[in-house]
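Here the structure comes first, spelled out in structure tokens, and everything after it is commentary.
None of the figures in this text is laboratory data; all of them are computed from the coordinates on show. Everything numeric here is computed off the predicted structure, so don't read it as measured data. A quick note on method: Cβ atoms are made from the backbone with ideal geometry, for glycine too, and the neighbour counts reach across all protein chains shown.
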Amino acid sequence: MTSLRDPLTLPCGQVLPNRIMKAALSVALGTKRNAPDERLERLYTTWSQGGYGLLITGNVMVDRTQLGEPGNVVIEDERDLAALTRWAKTTHDAGVPIWVQLNHPGRQANPLALGHTPVAPSAIPVSLPGATTPRELTPGEIEEIIERFANSAAVCEAAGFDGVQVHAAHGYLVAQFLSPLSNERDDDWGGDPQRRMRFVLEVVRRIRSRVSPGFAVGIKLNSADFQRGGFTEEESRDVVAALAGEGLDLIEISGGSYEQPAMMGTAAVSTRAREAYFLEYARTVRGLAGDIPLAVTGGFRSREGMQTAVHTGECDVVGLGRPTATTPDAADVILAERADALSTRSLRFGMRGVLGRVADLKSLDGMLDLGWHADQLHRMGAGRAPDLDRGRLATVLALVRRNGRASLRPQRRGAR
């Protein structure tokens, strides 16, 4: 009977020391040149001592002209190889594997970080405050982006990282290709579910062809995007089945987008009561994934809930996201039985009656909560402890400073 403490051998041969991973969190701690520095080294050194079996970085971009937010680290070539090597070494000293999450924002690119029009499968803006209508990618540009993912993965291996994770969730470019709401193409890259999944399959294939057999390749995939007419669970299951033969080492299940941020705890009360938001979906794809281990991220808080999920085989790895921003040794807290559950805090905007008439409260609350947790990561990167008493005003000011006033501009519900 599997325990959280048990190691896990991945298809590539890599061994995870235990079943709790720090899931990807966007930290925006890159330099002005989008390189890692001592702040990321300090943060990941802290996490490496937290008892995790795997650490996954967040939102490392494959194109410096397409950023999700200011401060994203970018890996296009070997110009920052020395700094990347130091970053990877911070966890290896503690014997913890580290994977780089590779991403492209597509239409979710931040205007402040970009300075020009973002790109996407189709010219459809994201329904978020300050969104810009993207330019539709040409077939040649799509091929170039696929190659960028592969190049970045090869650099990650050269730097000493243990693997990469393709971000195919939360409304970023790969997820945009999968969703009929953001992909209205009628060529080889869209028009039906089979053609919409071609982009993610080509990205995974190209990466696997460019790295060694012992280098791990994983993916973070939405169970659904929770939008009417969007990417459904049935389509997601078809993607899992298609990925099963592509040499993956871990499929992480999440869900939602920044338009419908289910991954941030905005799911229905009945879903939150089950603790793990996407565990029910994971059960339905266990057989489809074949020998590829499954990780589930989103909602896990109690030791009992985590242990039950692994013990019953519903997932192989438990992913922790936001709890690691306030309890950097969250895995050790659970594994050493220092607490029965992890504590978290969520912020919401005030004046909800007034604000709700002119803005989508779910989106705004999601941004505020994301900003509050990002502040905690920045504190740890500076060598300070998390500040659990940090309030809304300080969070909003820091959010605007990092991402511009457009990050909180009201937008009516239903706007496209």
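Results, tabulated for the structure shown:
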| item | result |
| --- | --- |
| Residues Val400 and Ala123, FRET efficiency given R0 of 22 Å [Cβ-Cβ distance, rounded to 0.05] | 0.20 |
| The stretch 72-115 - Rg and Dmax from Cα coordinates, angstrom | 13.7, 41 |
| Derived scalar couplings ³J(HN,Hα) [the stretch 374-380; Karplus, 6.51 cos²θ - 1.76 cosθ + 1.60; whole Hz; x for Gly, Pro] | 4, 4, 5, 5, 5, 4, 5 |
| Compactness index (Cα Rg / 2.2 N^0.38 Å), the stretch 1-139 | 1.21 |
| Relative contact order of the stretch 1-87, pairs being alpha-carbon contacts under 8 Å that are 6 or more residues apart, as % | 31 percent |
| Gyration tensor verdict on the stretch 8-340 (Cα atoms; rounded if a/c is under 1.5, prolate if a/b is larger than b/c, oblate otherwise) | rounded |
| Most to least packed among 275-283, 387-395 [average Cβ atoms within 10 Å] | 275-283, 387-395 |
| Choice from Ser302, Ser254, Ser363 showing the highest fluctuation, given a GNM over the chain with Cα pairs closer than 10 Å | Ser302 |
| Dipole moment magnitude, nearest 20 debye, the chain about Cα centre, only Lys, Arg, Asp, Glu C-beta charged | 1580 debye |
| Residue of Val27, Val317, Val333 that the Gaussian network model of the chain assigns the largest fluctuation, springs spanning Cα pairs under 10 Å | Val333 |
| C-alpha center-to-center spacing [the stretch 221-240, the stretch 285-317] in angstrom | 19 Å |
| Dipole of the chain, positive end: most advanced residue of His311, Thr46, Ala159 [Cβ charges, Cα centre] | Thr46 |
| In range of the label at Glu144: residues from the stretch 50-94 whose backbone nitrogen is under 16 Å from the point 7 Å along Cα→Cβ | 62-67, 76-77 |
| Mean Cα-pair separation over length for the chain, i.e. relative contact order, pairs under 8 Å, 6 or more apart, % | 17 percent |
| GNM top mover of Asp291, Asp63, Asp93 - the chain, alpha-carbon springs below 10 Å | Asp93 |
| Chain lengthening between Ala385 and Glu184 when straightened (0.36 nm per residue, less Cα-Cα) | 67.8 nm |
| Relative contact order %, the stretch 132-240, counting alpha carbon pairs below 8 Å whose residues are six or more apart | 31 percent |
| Ordering of 142-151, 183-192 by burial proxy (mean other Cβ atoms within 10 Å per residue, highest first) | 142-151, 183-192 |
| Distance cut-off 19 Å, percentage of C-alpha pairs in the stretch 142-201 lying past it | 36 percent |
| Phi-based couplings in Hz for the stretch 102-110 (Karplus 6.51, -1.76, 1.60; Gly and Pro marked x) | 9, 8, 9, x, x, 6, 8, 4, 7 |
| Linear extension gain, Thr31 paired with Ser302, 0.36 nm per residue minus alpha-carbon span | 93.9 nm |
| Spin-label pair Ser346/Thr9, simplified geometry with 7 Å Cα→Cβ offset, distance in nm | 4.1 nm |
| Antiparallel bridge percentage (DSSP; both residues within the stretch 7-161; nearest 5) | 20 percent |
